[in-house]
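The values are calculated or read from the model by the stated rules, or taken from the named source; none is laboratory data. No experiment lies behind these values; they were computed from the predicted model shown. Cβ atoms come from the backbone with ideal geometry, glycine included; neighbour counts cover every protein chain shown.
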Amino acid sequence: MSANLQKVYLYSRYERFWHWFQALLILLLLATGLEIHGSFALFGFERAVQVHNFLGLTWLVAFAFFVFWLFTTGEWKQYVPTTKKMLEVVRYYLFGIFTGQPHPCPKSQDAKHNPLQRLTYLTLAAALLPFQMATGLLYYLYHSWKELGLTGFSLGGVAVLHLIGGFAVLIFLITHLYMTTTGHTVFTHIKAMFTGWEDVARPSDAAEWEKRGK
Amino acid sequence: MAKGKRLWIFGATTFALASVLLHVLLAAPIAATGPAAKPSEANKAPGRALAQNAVMAPGGRWTTVDHSKLEALQKPFAKPEEVTAACLSCHALAANQIQHTIHWTWLCDNCGDGKNIGKGGKTLNNFCIAVPSNEPRCTSCHIGYGWKDKTFDFTDKNKIDCLVCHDTTHTYDKFPTGAGNPVSEPKLFPEDGKTYQPPDYTKIAGKVGLPDRYNCGYCHFYGGGGDAVKHGDLDSSMTNPKKSLDVHMDVEGLNFTCQRCHTTKEHQIAGRLYTTPAAPERLSLTEADLAAKIACESCHSAAPHKLNTKANDHTSKVACQTCHIPEFARVLPTKMRWDWSTAGKKNPEGKPFKTAGPLGKPIYDTKKGDFTWVKNVIPEYRWFNGAISSMLVTDKIDPNKLVTLNQPIGSANDPQSRIMPFKRHTGKQPYDKGANTMVIPKLFGPPESDAYWAKYDWKKAIAAGMAYVELPFSGEYGFVETEYFMPTTHMVAPKEQVVRCEQCHSRDSRLKNVPGVYMPGRDASPMVTGIGWVGVIGSLVGVGIHGAARVVSRKKRENKS
């Protein structure tokens, strides 16, 4: 099987930076957020709030850059959801993975995400993270709602939405971490996210529709 | 690739610039003013700077008269009333001013309910319960001479006691059971073991001046019948407090007198708390320098902390006192509970007795019942707009429920209300079992009277007290649980001892009983939290099973091949 592997450059420098920067922000935001929520004491409430606010605002800027990158490079096309091969991928993770079958969608530079990943990352980038940013910013600006003309919100309501989003991110994180172990070896995917290069099964049978336009 | 590299460098630079910009606009102060930041003149809390400027003016107390040189005061005085007459011979308007103050009437004149509110009215507390019928004992703290019963003439100008407030020698004493009179011969008061001396009126009158903490404290530190009994934030430790006890009255520092905040005009002293809020308008000195400067905000502004710190967002909902008075009774213990129902026990010799408690204060007294004394008390918190409503002795009660004798007025929806700390004193005191109303018992009186402390008979004592205030008494009495609130506003601690965020922002919050406000850390929905953690654990279990299955199936395949 190893003879059938080839090194593919999957993740550009910006992507890798964005990924790990985002990972750091998420971990710290989760830790400080759960402390503010009252789940444990780590930094102390005051420091946790300061750090959480600071990172939240940092995130807003970083995310704007991510969106800019996504559209200027055309990478957004890799996030367009599809049902094609979806069943095969689901079947692979439910059954095939236990019987040593090959992944139905090997990665290539132009087709980094399988249909399940497309759907997951699209949900994350276009729904969950913006939702967290919106509820977080609203929470942060609570004291200026009147001046900003924002009416009809309750602090408790905003807080509970932000909490739900936070738990969703934590659940994503757990699943995501686990899924990184499903590569050729346990660390293949993680290594690729550091170096950019991944060992991928040859030959790429990515269909034309999966590929990013040139 | 080169194009990509340029884009990358461009992007990184822009990101850095944009981040800095956004943080400067929205959050820079958060980072710059964290607890680790060193305080410097530049980033000092503006509210402190403002208040410091307000009290920085040199001069202080000065006068244009030496009273000891005045002819009217250079004579021997046989009676205190003669001193008053001498005072009024120059201070011609003073008597009229005094006789319109609550210090004189012990009645709230603008509470709009026919002079029922006040110590001299029909309100009650759960310390010594009420003044009427007990005057000679209680009125030792009246600014007058001889209010021993209903016959006291409140229009007699010479009955005004100028000296108790204006004596700067601190030698003037009123006898505890003398209806406000000092003694004319040295006299022992057995209860405190102190011999009271007749005042040297000529010397004292020659040295009169503006009141200081000793003068106000002469009564206000001893409310409820003794030092530190009543308020919790006012006791004799406040006569010369250290900075750790009160940053404003610190005897080695700012050394504020009471009037520095309780501003006074024509003998009317600001800060009384009955039905009208003490400070209805939250004005600062810069908005109106003649406003009653009773609130912290008057000097410190509504955004007193360092710029853009979260603490400034709290001032619309939380009173300054809530964070800045972490505990009251920090030097002397204060009484937190008074159970009258156990009073009247006698020792084996058949005599009244007292039992000493661990804090150096009696925990039982035949005359008064059981007490609980506590030091370093964490206050209770209530919404408060500055006004307090009091029930009257004539109001119907439910004896099976806690009777609230007075309560702070305010709510989360009222923009004038803040969360405020209170001393909540609980007690058990007599009520009219037949009529379900509270009662005013006669406690103090000569041995032949029906006073409780004379005969230890509640029925007679209540009958005597109620007859005195011309109210009915069914003849049946019981004891009912009561509570009584006093705002905690003195004993402002140094900023290092301020209440920490998590003392309120936690499940076990100091504010756990304060409704109507969402507080991060206190209020998150337990259901959402529960579902959230179930989801987290579920996903952990899910990936665990999936991972284990992968390991097992791989082993099986390897064994087969």
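When the range B:162-188 is limited to residues that are within 25 Å of B:Leu443 (Cα to Cα) and touching a residue at least 60 places away in the same chain (Cβ under 8 Å), the one that is nearest to the chain's Cα centre (by Cα) turns out to be B:Thr177. With respect to A:Leu129, is the statement that it is more than 19 Å from A:Trp59 (Cα to Cα) and either within 17 Å of the chain's Cα centre (by Cα) or part of a helix (DSSP H, G or I) (or both) true? No, not satisfied. On inspection, B:Gly521 passes the criterion of being small (Gly, Ala, Ser) and either in contact with a helix residue (DSSP H, G or I) (Cβ under 9 Å, 6 or more places away or on another chain) or buried (at least 20 other Cβ atoms within 10 Å of the Cβ) (or both). For the range B:1-105, the helices (runs of 4 or more DSSP H) that sit wholly inside it and include 2 or more residues that are surrounded by 17 or more Cβ atoms within 10 Å (Cβ to Cβ) and modelled with pLDDT under 70 are B:28-32.
When the range A:121-147 is filtered for residues that are away from chain B (no Cβ under 13 Å) and surrounded by fewer than 14 Cβ atoms within 10 Å (Cβ to Cβ), only A:Ala127 remains. The residues listed here are B:Lys150, B:Lys157, B:Lys243; of these, the one that is in contact with a Gly (Cβ under 8 Å, 6 or more places away or on another chain), surrounded by fewer than 18 Cβ atoms within 10 Å (Cβ to Cβ) and in contact (Cβ under 8 Å) with a residue 40 or more places away in the chain is B:Lys243.
In the set B:Gly360, B:Gly386, only one residue is closer than 21 Å to B:Leu234 by Cα and loosely packed, with under 15 Cβ neighbours inside 10 Å; that residue is B:Gly360. Take B:Thr123 and tell me if it is among the polar types (S, T, N, Q) and free of Cβ contacts under 8 Å to residues at least 60 places away in the same chain. Against the criterion (among the polar types (S, T, N, Q) and free of Cβ contacts under 8 Å to residues at least 60 places away in the same chain), B:Thr123 does not qualify.
State which residue is surrounded by the most Cβ atoms within 10 Å (Cβ to Cβ) when the search covers only the range A:98-109 and only residues that are within 12 Å of chain B (Cβ to nearest Cβ) and in contact with a helix residue (DSSP H, G or I) (Cβ under 6 Å, 6 or more places away or on another chain).
Per the criteria, the residue is A:Phe98.
Among the residues of the range A:101-120, those identified as in a helix (DSSP H, G or I) and of a type in the set (S, T, N, Q) are A:Gln117, A:Thr120.
Residues that are within 14 Å of chain A (Cβ to nearest Cβ) and surrounded by 18 or more Cβ atoms within 10 Å (Cβ to Cβ): list the helices (runs of 4 or more DSSP H) wholly contained in the range B:427-506 that include at least 3 such residues.
B:501-504
In this entry, B:Asn126 passes the filter for residues that are farther than 18 Å from B:Cys219 by Cβ, crowded, with 19+ Cβ neighbours inside 10 Å and at pLDDT 95 or above.
Here A:Val160 fits the description: within 13 Å of chain B (Cβ to nearest Cβ) and without any contact (Cβ under 8 Å) to a residue 40 or more places away in the chain.
Does B:Lys306 qualify as being within 30 Å of A:Val51 (Cβ to Cβ), charged (D, E, K, R) and part of a loop (DSSP other than H, G, I, E, B)?
yes
B:Thr529 meets the conditions (1) part of a loop (DSSP other than H, G, I, E, B); (2) within 11 Å of chain A (Cβ to nearest Cβ) in every case but one. The failed one is (1). Considering only residues in the range A:11-38 that are at the interface with chain B (Cβ under 8 Å from one of its Cβ atoms) and outside any helix (DSSP H, G or I), the one that is modelled with the highest pLDDT turns out to be A:Gly38. Residues that are within 12 Å of chain B (Cβ to nearest Cβ), closer than 20 Å to B:Lys310 by Cα, assigned to a helix (DSSP H, G or I) and in contact with a Gly (Cβ under 7 Å, 6 or more places away or on another chain) do not occur anywhere in the range A:150-157.
Applying the condition of being out of contact with any His (no Cβ under 7 Å at 6 or more places or on another chain) and touching a residue at least 60 places away in the same chain (Cβ under 8 Å) to the range A:163-194 and asking which residue is nearest to the other protein chains (Cβ to nearest Cβ) yields A:Leu170. A:Glu46 passes every criterion in (1) in contact (Cβ under 8 Å) with a residue 12 or more places away in the chain; (2) closer than 27 Å to B:Arg500 by Cα apart from (1). Within the set A:Thr123, A:Thr180, A:Thr135, the sole residue that is part of a helix (DSSP H, G or I) and under 18 Å from A:Tyr92 (Cα atoms) turns out to be A:Thr180. Looking at A:Leu116, A:Leu137, A:Leu124, A:Leu128, just one residue is free of Cβ contacts under 8 Å to residues at least 40 places away in the same chain and in contact with a helix residue (DSSP H, G or I) (Cβ under 8 Å, 6 or more places away or on another chain), and that residue is A:Leu116.
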